[in-house]
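> Pasting a structure here, questions to come.
Readers should treat all values here as calculations from the given coordinates under stated rules, not as data from a laboratory. Please read all numbers here as calculations on a predicted model, not as lab measurements. Virtual Cβ from ideal backbone geometry, glycine too; neighbours counted across all protein chains shown.
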Amino acid sequence: MAEGARLRASAEKIPEEQAQESGSGSSGGGVALKKEIGLVSACGIIVGNIIGSGIFVSPKGVLENAGSVGMALIVWIVTGVITAVGALCYAELGVTIPKSGGDYSYVKDIFGGLAGFLRLWIAVLVIYPTNQAVIALTFSNYVLQPLFPTCFAPESGLRLLAAVCLLLLTWVNCASVRWATRVQDIFTAGKLLALGLIIIMGIVQICKGFTSGEYFWLEPKNAFENFQEPDIGLIALAFLQGSFAYGGWNFLNYVTEELVNPYKNLPRAIFISIPLVTFVYVFANIAYVTAMSPQELLASNAVAVTFGEKLLGVMAWIMPISVALSTFGGVNGSLFTSSRLFFAGAREGHLPSILAMIHIKRCTPIPALLFTCLSTLLMLVTSDMYTLINYVGFINYLFYGVTVAGQIVLRWKKPDIPRPIKVSRTNKCFYGGYHL
């Protein structure tokens, strides 16, 4: 068999000079994941995973449950703050337990193998295949929508294009870590440009509307006028819808071993990315309600497309293409990070050992990537994924809570363990004794 096709387990030894030449960074001379992810790519992974399909579908759910434009905007801001706090907690855990695998590795090391095993298999069977299938289907839906302007795209076509998207990006991730991160960087920039267009057009609309008395629902005295009876339960659902749009903020922790200088780049990437995403989300939602009234927004199943139809005229096709680019980058980021989770689980013996193998030349976890792709393709034959999405949201935030609780337990059990980053009680982050 040719050398380029060989796969070796991460624990297998090779000559020291070969390990140095490959740049694996393994102190024991074994084949390992390369440290090729810098600060820009780290920010691209966070932003690219957060901004997927959520910002284009969740605004309707947030507004519907919040009951007013003002409360909906507060939900988006507060959800961003909650996301930032969670990300800081994960940053501390990420450099205290510097392993790929994210919350799986943290739960396993803090609460034991059984808890880690349960977390891993829930992710393998439900969370990541379903999320990736939904994002891929969203991609195919928006690509095909301009071709079927008066009707829905055929279901078989949607699934086929989603499968092609998954197979293409799996090949890219198998070929090179650098290629995968470049794809992530490019499509992250593309989606930010698309959202930037929405925000700029919203600002223009506000300037026009306020001079003529239009968009009165954005004025402070009218923003909190409810179009339905306020309800605490519905407000909670609004936060859940907003949280879905912010999902993916913890994905950088899955690739900690591939970060260049993770002690500095992990928290810096969080400090750059989370405020950026929160700013984009809040102003994108303001832009949405400048193009349509709250009632029109609630009547739309694709708010970005409706926004484009109202303001872009013959250029309305830009919106579905922009959403397609966004979701394409989202699929790439999810494949990249979830495969590392399966790789980490196999390395610990919680998944078949073949998933812990790395290509000897490309230093990519090809078996884990193929397994991730296959499990997601199987989800594409499932007719009803929306029920699974409801379960996914609950399970995700259940384990976020368990992981953050593990941070507290770790401080109590091992107070003297080195913590290059420490989140204080006032939610300030320290690095080597200095504020970050």
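> What number results when the radius of gyration of segment 27-149, computed over Cα atoms, is divided by 2.2 N^0.38 Å? Show your work: numbers first, answer last.
Numbers: Rg = 18.7 Å, N = 123, 2.2 N^0.38 = 13.7 Å.
Against the compact-globule rule of thumb, the ratio is 1.37.
> Under the Karplus relation 6.51 cos²θ - 1.76 cosθ + 1.60, θ = phi - 60°, what is the ordered set of whole-Hz ³J(HN,Hα) values for segment 326-340, x standing for Gly and Pro?
Each residue's phi maps through the Karplus curve to give 4, 6, 4, x, x, 4, 4, x, 5, 4, 4, 7, 5, 5, 5 Hz.
> Continuing with this model, one more query. Amide H neighbours of residue 102 under 5 Å, at least 5 residues apart or on other chains, H built in the peptide plane: list them.
When sequence neighbours closer than 5 places are left aside, the close amide H contacts are 254, 256.
> Just add up the charged neighbours of residue 369: K/R +1, D/E -1, any other residue whose Cβ is under 12 Å from the Cβ of residue 369.
Working: positive: 340, 362; negative: none.
That sum, taken over residues with Cβ under 12 Å, equals +2.
> Pop out the ³J(HN,Hα) list for segment 67-84 in order, Karplus 6.51 cos²θ - 1.76 cosθ + 1.60 with θ = phi - 60°, rounded to Hz; leave Gly and Pro as x.
x, 7, 5, x, 5, 4, 5, 5, 4, 5, 5, 5, 4, x, 5, 4, 4, 4
> Let me ask something else. What ranking do 348-354, 169-175, 401-407, 133-139 get when scored by the average of other Cβ atoms within 10 Å per residue, highest first?
133-139, 169-175, 401-407, 348-354
> Counting other C-beta atoms within 10 Å, and keeping those with at most 10, which DSSP coil GluC sites (Glu not before Pro) do you find in segment 250-307?
Sites meeting the loop and neighbour criteria: none at all.
> Kindly provide the trypsin sites (Lys or Arg not before Pro) of segment 298-363 that DSSP labels as loop, not H, G, I, E or B, and whose Cβ sees at most 14 other Cβ atoms within 10 Å.
Here the sparse-neighbourhood loop sites are 361.
> Working out 0.36 nm times the residue gap between residue 125 and residue 276, then minus their Cα-Cα distance, what length gain in nm do you get to one decimal?
51.2 nm
> Under a plain spin-label model, where a point goes 7 Å from the Cα along Cα-to-Cβ, how far apart in nm are residue 78 and residue 310?
2.6 nm
> Mind checking the full-extension length gain between residue 381 and residue 176? Use 0.36 nm per residue of separation minus the Cα-Cα distance, one decimal, nm.
70.9 nm
> Which FRET efficiency value, to the nearest 0.05, do you get for residue 232 and residue 208 by plugging their Cβ-Cβ distance into 1/(1 + (r/R0)^6) with R0 = 41 Å?
E(calc), rounded to 0.05, equals 0.65.
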